[in-house]
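K.L.:
Below is one structure. I have some questions about it.
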Amino acid sequence: MTALPGRRPAEADPPAAGRPADEDLRTLFGQSIAVFAALTGPTHVVEAANPAFFAAIGEERARTGVPLAELMPELDGQGFIALLDEVYRTGESYTAHNARIMLGTGSQAREAFFDFTYEARRDADGTVTGIRVIGVETTQVKQAQRLMAEHRAMLEQIARQAPLAEVLDGMARCIENLAPQEVLVSVLLADTDGRHLRHGAAPSLPDFYNEAIDGIATGEGVGSCGTAAHRREPVVVTDIATDPFWADFRDLAERAGLAACWSTPILARDGSLLGTFAMYHRTPRVPRDTDLALARVFTGTAALAIERHHIEEAKAAADARARAAHDELARVVRAERELRAEAEQRAAAAAELTARLRTAAAAQAASPRPERCQLGGSDGCSAPAEIKIADSWGDAAWGCPVHVEEAIINVRSVFIANEELGGLAAYVNR
């Protein structure tokens with residue numbers, strides 16, 4: 001990584017005496033938030049620096065009398081030492097804006113941004129003797145700008161009703177990119193009963209870890225997330241290897257390379273549990289104020305996304321129930337129409353049979369007992385007339401068992417009238 005291109009302003013006239021000017025600068029910048037360091041010689045030995053400079057690079061490195069490259073070996077390969085060499089060689093100042101620099105090494109490394117100027121120091125003869133470093137750290141401003149942009153993008157996702165998994169995954173990746181030190185983010189979603197947590201998003205955690213914690217119970221001492229969900233308050237575990245909350249998950253965390261976990265409950269506006277938001281670290285760590293602020297901002301955003309998702313789910317379920325009720329109503333209407341049509345058919349059949357009975361009754365006046373069935377309709381029936389039936393109007397007819405049964409089923413007022421043939425019992429037991 002190299003320094004961002006800068007500009008070289010016109011060189012100011014050298015001071016009459018270099019040493020008193022440096023003393024004045026040290027006095028002016030002594031308690032300032034601006035960083036200041038006076039470097040001397042071609043190896044850029046740190047002659048003096050204000051507290052803000054040492055606070056920026058790490059208080060443990062607060063010493064003078066050593067070359068800057070030795071004090072800050074991480075600068076090697078980032079281009080800043082080469083820029084110092086050029087300013088020392090040419091005497092021309094160099095200014096950069098929002099220059100990115102990685103400070104520290106290993107797990108203590110952090111990304112930082114600075115506005116700074118390298119300005120040549122000269123003796124009374126105008127010869128370059130060293131370099132003044134004057135700057136202001138803009139890391140927080142840069143991170144705030146990035147945070148606002150990412151946060152706005154997530155709110156737009158929520159507004160356009162993007163899938164919850166997509167929103168949460170994007171949020172997790174955003175925080176992992178914004179955090180000054182390596183962090184692995186996990187979002188767990190609460191079951192409807194609030195007693196278990198389900199996987200929501202964790203793009204950088206290994207699959208075996210996500211599968212193992214999917215469905216964990218909420219409760220006191222159930223890791224950082226289970227405890228945070230139970231207490232409804234943040235739970236900070238700075239060292240998983242020794243914390244009693246992680247007794248049941250310590251081996252799992254070790255396999256995943258996790259050493260610290262800070263978990264914050266995600267709560268709805270009514271205080272009900274929506275899930276948990278966790279920040280994992282590879283080394284034991286105590287959260288800083290900026291870490292906690294980042295967690296609060298994105299926990300609130302996650303709550304908004306999850307509540308919006310629940311509302312959309314409820315609307316979809318209501319729509320499904322409405323569609324099901326509409327479909328059921330349509331089915332009932334169809335069934336009613338079919339029954340009505342069948343009833344109409346039965347009524348028509350009954351009317352036809354009634355007509356047959358009347359026709360048979362008229363014929364019976366001339367012949368008390370016909371030999372053949374009188375209920376066969378227009379097609380006639382050659383079966384013997386065995387049973388006499390009558391209706392409530394006094395019409396009677398003789399018929400075969402088949403047609404008599406049909407008449408009894410379809411004409412409610414029909415009954416068996418011939419007691420000499422055994423009546424209804426004889427017909428039922430025939």
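The values are calculated or read from the model by the stated rules, or taken from the named source; none is laboratory data. Note that this is a predicted model, so its numbers are computed, not measured. Cβ: placed from backbone, ideal geometry, glycine included. Neighbour counts: every protein chain shown. Side chains included, ligands, DNA and RNA excluded: accessible areas come from the protein's heavy atoms. Shrake-Rupley method; radii C 1.70, N 1.55, O 1.52, S 1.80 Å.
K.L.:
By residue number, which cysteines of the chain lack any other Cys whose Cβ falls under 4.7 Å from their Cβ?
P.N.:
That list is CYS174, CYS225, CYS261.
K.L.:
Leaving ligands, DNA and RNA out of it, work out the accessible area of ARG285 with a 1.4 Å probe and give it in Å² to the nearest 10.
P.N.:
The value for ARG285 is about 30 Å².
K.L.:
What accessible surface, in Å², does a 1.4 Å probe find on HIS196, ignoring ligands, DNA and RNA and rounding to the nearest 10?
P.N.:
Surface accessible to solvent at HIS196 totals approximately 60 Å².
K.L.:
What's the carbon and sulfur percent of segment 158-315's accessible surface, probe 1.4 angstrom, rounded to a whole number? Could you put the intermediate results ahead of the total?
P.N.:
Values: 3540 of 7090 Å².
Result for segment 158-315: 50 percent of the exposed heavy-atom area is carbon or sulfur.
K.L.:
Under a point spin-label approximation (7 Å from Cα along Cα-to-Cβ), what is the ASP327-LEU155 distance to one decimal in nm?
P.N.:
Label at ASP327, label at LEU155, 4.0 nm between them.
K.L.:
To continue, here is another question. Any idea what log10 I(q)/I(0) is at q = 0.07, 0.10, 0.11 Å⁻¹ for the chain, Debye with uniform C-alpha scatterers and no solvent?
P.N.:
-0.59, -0.84, -0.92
K.L.:
Given a 1.4 Å probe, how much area per residue of segment 227-342 is accessible, in Å²? Could the numbers behind the result be given before it?
P.N.:
Values: 6550 Å² over 116 residues.
Dividing the accessible area of segment 227-342 by its residue count gives 56 Å².
K.L.:
Rank these by accessible area, largest first, 1.4 Å probe: VAL128, VAL286, VAL46, VAL333. Kindly include the intermediate steps, with their values, before the conclusion.
P.N.:
Numbers: VAL128 25, VAL286 105, VAL46 0, VAL333 55 Å².
In descending accessible area the options line up as VAL286, VAL333, VAL128, VAL46.
K.L.:
Now, a different point. Could you pull the accessible area for PHE415 with a 1.4 Å probe, rounded to 10 Å²?
P.N.:
That residue has around 100 Å² of solvent-accessible surface.
K.L.:
If THR192, THR264 are ordered by their accessible area, calculated over protein heavy atoms with a 1.4 Å probe, which sequence runs from highest to lowest?
P.N.:
Values: THR192 155, THR264 25 Å².
Greatest to least solvent exposure: THR192, THR264.
K.L.:
Using only the alpha-carbon atoms of segment 158-315 as identical scatterers, what base-10 log of I(q)/I(0) does the Debye formula give at q = 0.16 Å⁻¹?
P.N.:
-0.82
K.L.:
Moving on to the next point. From largest accessible area down, sort ARG63, ARG122, ARG296; use a 1.4 Å probe on the protein chains.
P.N.:
Details: ARG63 105, ARG122 45, ARG296 155 Å².
The most accessible residue leads, giving ARG296, ARG63, ARG122.
K.L.:
Okay, moving on. So for the chain, averaging the separation of alpha carbon pairs under 8 Å that are six or more residues apart and normalising by length, what relative contact order in percent results? Intermediate results must be reported in sequence, preceding the final value.
P.N.:
Working: 722 pairs, mean separation 36.3, N = 430.
Contact order relative to length: 8 percent.
K.L.:
Give me the accessible area per residue for segment 30-106, probe 1.4 Å, as a whole number in Å². List each step's numbers first, then the result.
P.N.:
Numbers: 3350 Å² over 77 residues.
Spelled out: the 1.4 Å probe surface of segment 30-106, per residue, equals 44 Å².
K.L.:
First compute the accessible area of segment 87-142 with a 1.4 Å probe, then give the percent of it belonging to carbon and sulfur atoms. Numbers along the way, then the final one.
P.N.:
Working: 1190 of 2450 Å².
The computed percentage sits at 49.
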